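Since every read-out is calculated from the coordinates, none of them should be taken as a lab result. These numbers come from a predicted model, not from an experiment. Counting neighbours? That spans all protein chains shown, and the Cβs are built from the backbone with ideal geometry, glycine included.
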Amino acid sequence: MLNNKTNISPSPKKFKVEDVDLTPNFTGLSQLATISINQVINISIKVSKVEEPTQVLAKTKTLTKQDCIVNDATGATRIVLWEANVNKLEVGSSYRIMDVRVKEYSRQKYISLTPESIIEAISDIGEVQTAPTLLNVDEISPNIIEGEIVSLNYTEYYLCPICNTKMVQVSSLISQCDKCQSKSRLSLNKKYRIAKVQIKQDSNTIISVTLFNNTLQELVDLNMTKESIEETLLMRTDPIKVTVNSNNIFVAVDN
């Protein structure tokens, strides 16, 4: 125990000190499906919708909550603000939100803020994914879509581990972030894939739905080239049957 008589002097022995990387990691919204419930993550998002605050009864007290829709380069999700954080998000603005918790309701993952969550306004994160709106999935009972794939738009990209923005491949080995200009080895970055698929049902209704890595791998081998993945999906002759959520995003492949 130190006191006013304690004498502190430099040690003659040199110690090796390793630098600790304190840069926070950010999670893409498309990864929510693979993340455990109640896990705490960091996100970098843009707000696309803000609902009016409501009062809810939680155990023995009434709390104020607010539902919002947020997007990033990989997808979209619902986020719930509580109490002091209500009305802190604005439509069209971008934010870095630290220490949010992954939740699940009716088999759909979403994000909830906690008392420890930190909201930081940032510059525009750029292009984000938006949910297709060709047809409301609630009109399809019970959120099952079955039909033939008639067209698709398939893209592949990497995300910056620092600011969660899309990265550009500048050489065969290196990628660079358009926003923060940081560079990293391509082999260390996770490749993200998005397939916006149009499915034609027996009624001749065409519905646009979206697949991300976790569901796309149930239909094709992700180790194939971009061209081979597109060809495999488009040349599929048997009908595809899938379950989707309220944003027309694939939840599960049923065949």
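Worth a mention:
- Segment 62-117 - Rg and Dmax from Cα coordinates, angstrom: 11.2, 35
- Projecting the Cα atoms of Leu188, Met224, Phe212 onto the dipole axis of segment 179-231, where Lys and Arg carry +1 and Asp and Glu carry -1 at the beta carbon, places Leu188 farthest toward the positive end.
- Members of Lys46/Lys226; Lys190/Lys241; Lys49/Lys226; Lys65/Lys241; Lys103/Lys241; Lys103/Lys183 lying beyond 31 Å, as alpha-carbon distances in this model show: Lys49/Lys226; Lys65/Lys241; Lys103/Lys183
- Most simply put, segment 29-122 has about 95% antiparallel DSSP beta bridges, counting only bridges with both residues inside it.
- In plain terms, the bigger the Kirkwood radius, the slower the diffusion; for segment 29-122, with that radius from Cα pairs, at 20 °C and 1.002 mPa s, Stokes-Einstein puts D at 160 µm²/s.
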